[in-house]
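Visitor: Have a look at this one.
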Amino acid sequence: MHGGDARKDARKAAASCARETASPYDLGTPLPRDYPYDPRGRRLADGALATVILLRVAAAALAFAGLAWCTTWWAATSLGAAITAILCITLSALVLGRGLEYAAGAAFGRASLRLEPNVRHDYVLRVFRKGRRSAGTTPRFLLALARLDILRGQPHLAGDALARVDTSRLNPNRLKLLYLLQTVTAIQLQEDAHNAAIRYAGITGEKNAGFPPDNVVLGWAQDAADGRAPEDAAMRDVCASALQPRRRRPLLAVSLSVMLAHCLLFAGAATGVDATDSWRLRLGYQTVAGLLTSTFMVALAIAGVVLLARWRMRQDAPQTRGRKVAQVVGSCLVVMAVTCLALVVAIGTIFATDGTERIIARGVRSDSADGRPYDYVALDMENGYGAARSTTYWRTRDFIVMQEWSPAQDYDTKAERKTTADSSDAGTGTTDSSTSATKPEDASSDPISSNASDLGTPDADSASALSDQMRAVARYLQEQGVVPGASEPALDYDAKGHAYASLGTQSQTVNGKTVEVGYELRDNGESQQPSGTAQELVPERTYPNGEGDEELVGFYLVDHQTLAVTDENRTSW
C-alpha cells in the first residue's frame, strides 16, 4: 500500500513539475486552472470572448428569423427570385453580425492598449488560449505576446513565443518585426544575434511603420558580440514603437456593416416580393428604405475607394505617375457607376409608391385561417392623369410586406361612405314626367336594364352591355347544367356598387340533407385577351338559409364583340 501511494505521489509531482515548466504558448498543453492571470486582463478578455459569442448567436438567430420570414411569401414567387431573396436576407444578417463582431473586437483591443504590459499580456494570452484561432491569426498572437514579454522583461518567454511562429503565414512587415524581436531577444539572452539582424536588414518593410534603421539593428548585434550590449530600455522602446497595431475604428465598422446589411435586406425583399402577384412592399418602408439604400450605396462606394487608396499608400511598392492616374480615374468611374445605379433605385422607389396607404383595421383574427392578428390596409392608387383612383385591399403583420386580401374591403368604412354618398347624389335627380310617359313599352321588358335604371347607374350603355354579357354566361351555364332553370338573370348592385345577377335557386342534397342553394353571377372586370377585350364573370354558389359557405363555381370570359363564352377552367382566385 505504501509503495502504491509513493508511486501516485511521484506521478503527481512529475505532472505538477511538467505544468510549471510547460510553455503557456503551447496550445497542446492546457494551462492549470489556477494560472495566475492578472485580474484586469482576465476580466477584459472574458468580456471580449463573451461579447463575441453573443454576437455570433444573435447573427445566427437573425439569419434563421429572416428565413422564417421568407417562408410567408416565397411560395408565391418564382424559384430564382426566392433563392436570390433568401441569399440576400441571410447575407444581410451575417454581414451585420460580422461587422458588430469586428467592432466589438476593435473596441476591446483599443481598451487593452491603455493597459500596462503585464496586464495586456495576460489579456492577449487568455484570448489566444480561449478564443477562435486560425493558421493566419496564431502567428500574430505569438508576435504580440513576444513583444509584450520583451517589454515586461521576460526574454525567455519571448524566445519561446518566437520559436513557435510559422513564418510562412507572415507578410513582409510582420516578418521584419519577427527578426527584430529575435535580435533583441538574442541580445538579452546573450546569444548570437547576427543571423536575425542580417535577416532583418534583408527585408524592406512598410514605410512609416516605425522600424529602426537597418544599420542600427546590425550595430546592436555587433556591439553585443563585442561585449558592449546596448541598453535594454532603448531596445524596448524600439520594440514598442515598431509596427504598432493600427487603431481600428469601431463606429466606422458598425456604420459600414449596417449600411451594407440594409442594402442587402432591401434588395432581397424587393426581389422576392416584387416577383409575386399577391404580395408587395408597404409604401412607407419602400419609400424610406429605397432612399436610404440609394444613399448607402454611394457612401459604401466612396468608403471603399478611400480605404483602398489608404491601403495602397501604406505599401512601399513604387508607383509610376501613369499608374496613379489610372487608379484615380478608375476610382472615379466606380463611384459614378454606383451613383447612377443609386439614382435608378431612388427614382424607381419614388414612382413605385404613387399612392396612399390607409390602415382600416388592426389586430383582426376572424378572417385568418392561422388565427394570427393582422392589420388590414387599403391602398388607394392613381391609375393615371385624369383617371379615377383605384383601391386594393391588403393584410400585414409587419412594416415591410403585405398580402393582397379582398375580405379587408368589408372593413373600409371610408369607401362605404363614399359609395353611399355617390348613390345618394345619383338618386336626387328628378325625372321629367313627359319623358316618363313616352317611354317605350318594351323598356321594362329587360329585367337587367330595368334594375340598372332604378339604381340610377352613371353609364347606361355599360349597364346594357353588361346585361348582354351576363345573359350570355347565364345561357351557357344553363346549357352546361351548372345552374338550374332557364330564367333570365336579374341585375342588381350591392352596397358598394358592385354588379351581380341572381341566377335562381334550387333544392339540392348535400351530405344526405336537403338544402336551398342559390346561384349569383358577379362581375370581375375587364381582361385583355389575344382576341380582344373580354369581361370576366364569376358565378358563385350561395346558401340563403345559412346552411353552408359561399363557393366559387368557376371563371368565364365573355368577348365584348361576339359574346362568345370561354371557360377558364379554374375555381379559385
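The values are calculated or read from the model by the stated rules, or taken from the named source; none is laboratory data. Here the structure is a predicted model, which means the values were calculated and not measured. Because the Cβ atoms are built from the backbone with ideal geometry, glycine has one as well, and the counts that use them run over all protein chains shown. Just so you know, the surface numbers come from the protein's heavy atoms only, side chains and all, with ligands and any DNA or RNA stripped out. Shrake-Rupley method; radii C 1.70, N 1.55, O 1.52, S 1.80 Å.
Visitor: Suppose every Lys and Arg Cβ carries +1 and every Asp and Glu Cβ carries -1, with no other charges. What dipole size does the range 149-254 come out with about its Cα centre, to the nearest 20 debye?
Guide: 780
Visitor: Full-extension gain between Thr287 and Lys513, please, as 0.36 nm times their residue separation minus the C-alpha to C-alpha distance.
Guide: 75.9 nm
Visitor: For Thr533, what is the net charge nearby, where nearby means another residue's Cβ is under 12 Å from its Cβ and Lys, Arg count +1, Asp, Glu -1?
Guide: Net charge in that neighbourhood comes out at -3.
Visitor: Need one number: nm distance between label points at Ala299 and Lys130, each 7 Å from Cα along Cα→Cβ, rounded to one decimal.
Guide: 3.5
Visitor: Determine, from the Cβ-Cβ distance of Ser572 and Ile350 and an R0 of 41 Å, the FRET efficiency 1/(1 + (r/R0)^6), rounded to the nearest 0.05.
Guide: So, using R0 = 41 Å, E works out to roughly 0.70.
Visitor: On to the next question. Note down the nm distance, to one decimal, between modelled labels 7 Å out along Cα→Cβ at Ala61 and at Cys340.
Guide: Rounded to a tenth, the inter-label distance reads 4.5 nm.
Visitor: Please tell me the relative contact order of the range 43-104 in percent, rounded to the nearest whole number, where contacts are Cα pairs under 8 Å and at least six residues apart.
Guide: Once divided by the residue count of the range 43-104, the mean separation gives 54 percent.
Visitor: Still on this structure, I have one more. Can you report the principal axis dimensions of the range 208-279 using only the alpha carbons, biggest first, rounded to whole angstrom?
Guide: Principal-axis extents of the Cα atoms in the range 208-279, largest first: 86, 19, 16 Å.
Visitor: Then there's this: Taking 0.36 nm per residue of separation and subtracting the Cα-Cα distance, what length does fully extending Arg522 through Asp46 add?
Guide: 164.4 nm
Visitor: Mind putting a number on the dipole of the range 462-570 about its Cα centre? Charges go on the C-beta only, +1 for Lys and Arg and -1 for Asp and Glu, and I need it in Debye to the nearest 20.
Guide: My answer is approximately 140 debye.
Visitor: Taking 7 Å along the Cα-to-C-beta vector as the label spot, tell me the Gln480-Leu54 distance in nanometres, rounded to one decimal.
Guide: Using points 7 Å along Cα→Cβ, the separation is 6.4 nm.
Visitor: Let me ask you something else. So what's the net charge close to Ala146: Lys and Arg +1, Asp and Glu -1, counting the other residues with Cβ under 12 Å from its Cβ?
Guide: Value of the local net charge: +3.
Visitor: Please give the FRET efficiency for Thr72 paired with Arg199, using the beta carbon to beta carbon distance and R0 = 51 Å, rounded to the nearest 0.05.
Guide: 0.25
Visitor: Related question: So what J values fall out for the range 337-347 if you push phi through Karplus, 6.51 cos²θ - 1.76 cosθ + 1.60 with θ = phi - 60°, rounded to Hz, Gly and Pro as x?
Guide: The phi angles translate into 5, 5, 5, 4, 5, 5, 5, 4, 4, 5, 5 Hz.
Visitor: Run through every distinct alpha carbon pair of the range 462-570 and return the Kirkwood hydrodynamic radius in angstroms, one decimal place.
Guide: 14.4
Visitor: Plugging the Kirkwood radius over Cα pairs into Stokes-Einstein for the range 68-124, at a temperature of 37 °C and a viscosity of 0.692 mPa s, what D comes out in µm²/s?
Guide: For the chosen part, D equals 227 µm²/s.
Visitor: Here is a further query. R0 = 22 Å: FRET efficiency of Arg321 with Arg249, Cβ-based, nearest 0.05?
Guide: For R0 = 22 Å, the calculated efficiency reads 0.10.
Visitor: Keeping all protein chains in place, calculate the accessible area per residue for the range 138-246 (probe 1.4 angstrom), answer in Å².
Guide: In whole numbers, the range 138-246 has 48 Å² accessible per residue.
Visitor: For the range 138-246, take N as its residue count and report Rg(C-alpha) divided by 2.2 N^0.38 Å.
Guide: Normalised by 2.2 N^0.38 Å, the Cα Rg of the range 138-246 equals 0.95.
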